[in-house]
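The values are calculated or read from the model by the stated rules, or taken from the named source; none is laboratory data. Just so you know, these numbers come straight off a predicted model, no measurement behind them. Cβ sites come from the backbone with ideal geometry, for glycine too, and all protein chains shown count toward neighbours. Heavy atoms of the whole protein, side chains included, go into the accessibility calculation; ligands, DNA and RNA do not. Shrake-Rupley method; radii C 1.70, N 1.55, O 1.52, S 1.80 Å.
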Amino acid sequence: MSYSTQPTFIHTGTWDDEMRSHPALAWMEKYTRNIIDTRSWNTPASDWHTPDFTFQKSTGQVVEGADAAFKSVAEVYAPFSAHCHDPAFLICWETSSGWGMFGIANLWWTLAAPGDSSKVKDVDGKEWDGVTPGAFRFEYVKKGDEIKLARTEIFSDPSQAMVLMLKRGMIKSEDLVGA
């Protein structure tokens, strides 16, 4: 068995200047805050993604091609009227085409359908319907000064949001069992 080593950028905590010192992570903050967390789903996929961008949902389903995959990203976040990613731990390494990154983050969310529920507060004191910790893996491609996202994989447990969606009538129990 052979092992190889390479420099790795490791960051603990939320978005900050230390994290922004890495070009891929600075790019990721802009993408997350300006596209994903603002729900800018009408942005052309080609602005931020490679043509062969691939998206893997937490279900394991894989969607390929920038337009279809970015549309699928929007569908994952569709049940929420608002959401916000707050990173907690990031590891980024150089690849032959750019960088790879693995991160752990909290997804703070509020469902699109109103209803009573106990609220949770993020670190800034903002109230949300829930928070889902998750892990994410990304592949970035760098060509000249341009960085684009080539792959996103989400690893999370959406059951908390699903239960609340069921309680608020956004989905029916039949939807969960495929009946």
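Summary table below
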| quantity | calculated |
| --- | --- |
| Unsatisfied cross-links (Cα-Cα over 31 Å) in the set 119/148; 71/119; 119/172 | 119/148 |
| Segment 13-116, accessible surface, carbon-and-sulfur percent (1.4 angstrom probe) | 54 |
| Mean Cα-pair separation over length for the chain, i.e. relative contact order, pairs under 8 Å, 6 or more apart, % | 21 |
| Spin-label model distance (nm) - residue 162 vs residue 58, 7 Å beyond Cα toward Cβ | 0.9 |
| Relative contact order (%) - segment 84-173, alpha-carbon pairs under 8 angstrom, separation at least six | 25 |
| 3J(HN,Hα) from dihedral phi, segment 21-36, Karplus parametrisation 6.51/-1.76/1.60, rounded to Hz, x for glycine, proline | 6, 9, x, 5, 6, 5, 4, 4, 4, 4, 4, 5, 6, 8, 10, 5 |
| Prolate/oblate/rounded call for the chain, Cα gyration tensor, a/c under 1.5 rounded | prolate |
| Heavy-atom surface of segment 38-122, accessible at 1.4 Å and reported per residue (Å²) | 49 |
